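Reviewing the structure listed below.
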Amino acid sequence: MMGLSTTKLVEPVVHSMAIFFADRLADWHGLQGALLGSLALLKRSKSVGAVSEDDAVRFVKSALENLHVQALTQQDRILCLELLESLLGTYAAAVSSLGSDLVYGVCAAIEGETDPRCLLISFHIVELLAHMFPSPEGPVADCAEDLFDIISRYFPVSFTPPPNDARGITREDLATSLQKAFVSTPFFSSSCISLLLEKLSSRLHIAKIDSLKYLGLCALDFSGKVMAEFSKPIWVALKSELFPSSVSNKGIFDVIPNNDQEIFNETIICLRRCIKAVQNQGDNPDRVNFMMPEIPKQELLSLILEDDSVGDLFRFIEHCTYSASSELMTDGNISPQWIVALINEEGATSKARVMIDILSAVAQASCSACSCVLEKVLQLNLTAVQESYSSQNIITEKRNISTWNAGSRQFANLVALLLSTKVVNAANGLAQDQAYTFIKTQSPVNIDEVVNKYWLEPLFVRAPDLVDAYVEAVTVGKQIILTAASNTLGLQYCQLGVDGLRGLATFPAPISLLSSDQVNQIISFLTSILLDKEQYDFIWNHVLKAFSSIIATEETFKDFGSPRTYVLDEVIPQLLKALVQSKGIQDVDANLQAISTFSASRPLVLERLLDNLGDSISFWLPETIVKSEPAGDTRKVESILRCISQDLLPLCNLEGGDQAAAPKILHSVWSSIEALPVSTLKYSEQIMAACMEVIRVAVQKCNAAVQEDVFSKALQTVADRVNICDKCNDSKAIAFSKKDICKQSIPTLFKLSSCYQKIQETWLIALLASIVIAVRPGLLYLQEKFFLKLFLDAALDKRRSPYTESAAQALASILNKWVEGKKENHLSSDLLTLEDAINFVLTSESISPVKSFMNSNGLENLDNSDGFLLSHKRLQGVQVLSWVGKALAMRGDVQVKDIAVLLLSILKSSDLELGKDPKHEGYRMNKESEEHEELTIAIATAAAEGLGIIIKESKALNKKHYATVRPLYKQRFLCSMLPLFFQALREVGNFERIWLLRGLGHLISETPHTALMSDVQLVLPLLLEALPALSKDSRDMNLVLAILLVLSSFLVDTHYGRNAAADHVANIVTRLIPLLQYQFSMTVRETVLQCLGAVVGLPYSRVYPLRMQVLKSLSAALDDPKRGVRKEAVRCHRIWMAISSK
């Protein structure tokens, strides 16, 4: 059977086989084989010989006559239903001749089915059958009631798939398939809507949710005429969900509970879809954006707009506007709870808020509905807002703010403002949907002539008044907040005002109801808030979000009519001007936050900002980089550089239109460097670190050709400064170009200068190193001995700063990206192989002080400046070895083991005995300087951290910076190190053992936990030994936490971790209990409690004897001064109490 569907056969053979299998359907002994053969035949394509239409009819007749589907086994039922599905899907025209017999046969086949796989096929068969007979006189129309009765029994779908179900059928699959069957034919419409309205009254949550979803989706598929017939029942049913019967008689501002936000949201969505369906018989469905000249009065829309609740809302606003006092409210004071209930998005709300949400949903449903709501809402609401502003000027008349807040007229003003804002934004959403659809379906030629926007006429007429009302709302809200009358009320005024202005400003250009002057008015007002965060801090972030929406709209509809660039042309220049003029760091940070937000919204804005900020760097950097002490300008420039590197440059796309931004920034930085005096040897470390980060990120965003040009320019900058230093000499001036670099030897050029040693000591090397870190592999001149020595010597400089670390990372980057076998076009004799380069670094005289550390006899010889500098070189050398080891480990080079052995040897060195207690007999009393002792400890600490550096993720060496990363290199390095650690631990005493455990802790804490599982038997005992040893020193706090996290991963791993931990239960508990009182970190104590809770998952026979010991120790944790620790202790105590009762 496997090849029957694809084997090419002549028509007589196919016909004979069809007759054979069709006849065999009557033989129940061989039914399964007959079904498989029939399915294989029906799946044949025309290219290999398909079944004829006559044979397909033969199959259907035989199936309807001989197959009693529901009496068969599950597997046979699936085959029978697949057979019917294949016949109805492929041979619909042929089998439709069977008419009512086919429909009744399908009803008999699917009735009473319970298997989920069979139900999916059954629902699809009903869908195919409905499409086959669309005529009102057809058999489906005659049997619609019976057919729908069969499938309606499965609504709502109640199905929970078994765990690890291989079939992968979910409840959502069944519900979606059933919904498609419900809407497959209009003959189901009456029965379907009646069923859904009935199920909507159910108390079952899933029944309500499914009823609302189905009703909304069915409304879009059924005709508007059908939905119009059910308008009143639908509105009554949906209203009962929005207003529970228990609160239906309450006042419009009384707080009502809403216990299920999901049901409320689904009800609003369903209402919008139903209105859209009803309006479809009035709106022209063939056009995207337009309504008929006469707005038809539809029953569902009329029911909503004429509802008593909506009338109460409008009467309240009107009465409070034109009356001195409100008769609709018995209490003259508005409860703050009413305000909260009015503005709440979730939870308890008010009837007024629900009606506002209903009206906004209606406005977003269709063009004609939106026009009706706008006409009804705006005139009354704007009058209410304007009357309130004019009659109650709380600031000028110095009235009591609490009284003003309590008045019903002012509360009506807030209601009117909220209603108008919601309706305006709903109209905006509808306009954007139409514009987006138009972009996808039509050519943007003569858009202004095609788009008909008169359905927005009510909004267009009142647009100027709306702008003034929203601006005034922000002003009044600010005054309320400043007078401390009501922060909640004032903030709501401000937010509603900003939301309204955003809604007006984000209409797509051809559909926009505002003139250019009106949009400029909105933009100018919002910009004034954006540039004054100190005064508008309470609303500043909201305004920033509004600008993000405006920019996003400009970007989305840039090809829809005349593109808008208000933000680009008006806001960005003012923002940059404010950044230049700002003095305080808070103003700088606010402006930069706005710049970052704008850049993420539109590439054109990003390009403009980077271009202007690049010019600013050229102006500020030469002045601030030479300041050693932080000043106002220094902090400003540092913040700008951080913003560029962390927020703006990562948004640049190499393939996009902003690919020129990164080279422009690099040009600005290096131009600033060229403008510095030659004598500049001191610099601001903050500015230097920020410059290095900018250079690294910018170079990474450039293509290979630009990277090579940037490196050439950097070398030229260095050479120019050498030329100036040597102006009194007869040396030939140095000049670099890409051609020179490829054909000449770099050392030859630099040896022309007597300032070679001075160049090594300048801060320019740090910037040059930042370029090297980010370049792509293949710059062969970096593989010369000169650059290796240059960065190696720079990394060993006595200054502990970003300067030395950047040089070490550049050296590691060169080794990691080394390219072999491409020397034929390079004329330099100094070009090395990778093996020669590694040997050069490891055997260099610069690294020799590190090797001598292992054989030294303490610090007796460090009593002079040379010895002190030697120890500093040892410290820097350990850092270099760590980064070189990382570079080799990422490449998978075996020589990383030699570096690891060096680091381990440092940790075993006898000099570490300086860490002994002074009372110990081996403590050296003849040390000359406590500083020398601290330096030796720092060397050992660097060696321990170096093992972690080799494995942990780095900002310098990573895939973004084109590093070579071999898969699973971390696991390989760990496996190679564990035997070395075990051997070293056997050879050392107690004091050196602590340092080895520190190194192991750094190594394991940076290794992925999944990689540790294969060696858990070896690692776990060492972790348990390290915990008490490292818990005595506060400097090891982070290391202790990392070890505990590794331990917790072992305790929760059900495959390997728990099996290994089962052999150490008592030891684990014994090591963890003392850490419950770890004084240096609350997080450590919380993690210890989590580990103790996880111990309960180990074998019961080993855990149970320890229960009293653990429960007793938890008493101290229950009284911990930190609430988080106490909360975790309670949880852990409950777990152990539960096990003790077994």
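The values are calculated or read from the model by the stated rules, or taken from the named source; none is laboratory data. Quick caveat: nothing in here was measured; it's all calculated off a predicted structure. We place every Cβ from the backbone using ideal geometry, glycine too, and count neighbours over all the protein chains shown. For the accessible areas, the whole protein counts, side chains as well, though only heavy atoms, and no ligand, DNA or RNA atoms are used. Shrake-Rupley method; radii C 1.70, N 1.55, O 1.52, S 1.80 Å.
So for each of 114-121, 45-52 I average, over its residues, the number of other beta carbons within 10 Å; can you give me the resulting order with the highest mean first?
114-121, 45-52
With a point put 7 Å past each Cα toward its Cβ, work out how far Ser191 is from Thr565 in nm, to one decimal.
6.2
Ranked from the most accessible area to the least, with a 1.4 Å probe and all protein chains present, what is the order of Lys545, Lys701?
From most accessible down to least: Lys545, Lys701.
For the pair Ser515 and Asn487, how long in nm is the line joining their label points, each one 7 Å along Cα→Cβ?
4.2
Whole-Hz ³J(HN,Hα) for each residue in region 111-116, computed from phi via Karplus 6.51 cos²θ - 1.76 cosθ + 1.60 with θ = phi - 60°, x for glycine and proline: what do you get?
Each residue of region 111-116 in turn: 5, x, 5, 10, 6, x Hz.
What list of ³J(HN,Hα) couplings, whole Hz, do you get for region 358-366 from phi and the Karplus terms 6.51, -1.76, 1.60, once you set θ to phi - 60° and write x for glycine and proline?
5, 5, 5, 5, 4, 5, 8, 6, 7
Under unit Cβ charges (Lys, Arg +1; Asp, Glu -1), what dipole magnitude, rounded to 20 debye, does region 1040-1142 have relative to its Cα centre?
280
For region 53-124 and region 1048-1095, what is the centre-to-centre distance using only Cα atoms, to the nearest Å?
Answer, in whole Å: 61.
Can you work out the FRET efficiency for the pair Glu1025 and Gln1079, with r the C-beta to C-beta distance and R0 = 22 Å, to the nearest 0.05?
0.55
For region 29-81, what is the accessible area per residue in Å², given a 1.4 Å probe and the full set of protein chains?
46
Any chance you could look up the accessible area of Ser1031 with a 1.4 Å probe, heavy atoms only, rounded to 10 Å²?
30
Need one value: the accessible area of Val894 in square angstrom, 1.4 angstrom probe, rounded to the nearest 10.
Estimated to the nearest 10 Å², Val894 gives 120 Å².
At 1.4 Å probe radius, can you tell me the per residue accessible area of region 481-521 in Å²? Could you put the intermediate results ahead of the total?
Values: 1270 Å² over 41 residues.
With the other protein chains kept in place, region 481-521 gives 31 Å² per residue.
Expected output is a single nm value to one decimal: the length gained when fully extending between Phe460 and Asp307, i.e. 0.36 nm times separation in residues minus the C-alpha distance. What is it?
Value of the extension gain: 52.4 nm.
What FRET efficiency, computed as 1/(1 + (r/R0)^6) with R0 = 56 Å and r the Cβ-Cβ distance, is obtained for Asn703 and Lys1032, rounded to the nearest 0.05?
Computed FRET efficiency for Asn703 and Lys1032 comes out at 0.55.
Where Lys and Arg each count +1 and Asp and Glu each count -1, what net charge lies around Leu67 among other residues with Cβ under 10 Å from its Cβ?
Working: positive: Arg77; negative: Glu65, Asp76.
Neighbourhood net charge equals -1.
Report ³J(HN,Hα) in whole Hz for each residue of region 28-45, in order, from the Karplus equation J = 6.51 cos²θ - 1.76 cosθ + 1.60 where θ = phi - 60°; Gly and Pro get x.
6, 5, x, 5, 5, x, 5, 5, 4, x, 5, 4, 5, 5, 5, 8, 5, 8
So how exposed is Lys636, as accessible area in Å² (1.4 Å probe, rounded to 10)?
So the heavy atoms of Lys636 present about 10 Å² to solvent.
I need the shape label for region 99-143. Rule: rounded when a/c is under 1.5, else prolate if a/b > b/c, else oblate, with a, b, c from the alpha carbon gyration tensor.
Taking the square roots of the gyration eigenvalues as a ≥ b ≥ c, region 99-143 is prolate.
Leaving ligands, DNA and RNA out of it, rank Glu113, Glu299, Glu534 by accessible area with a 1.4 Å probe, largest first. Show your work: numbers first, answer last.
Working: Glu113 0, Glu299 95, Glu534 150 Å².
Descending order: Glu534, Glu299, Glu113.
Relative contact order, percent, of region 53-207 when contacts are C-alpha pairs under 8 Å separated by at least 6 residues? Walk me through the numbers on the way to the answer.
Numbers: 139 pairs, mean separation 33.7, N = 155.
22 percent.
Given points 7 Å out from each Cα along the Cα-Cβ axis, report the Arg776 to Gln261 separation in nanometres with one decimal.
Result: 4.8 nm between the two label points.
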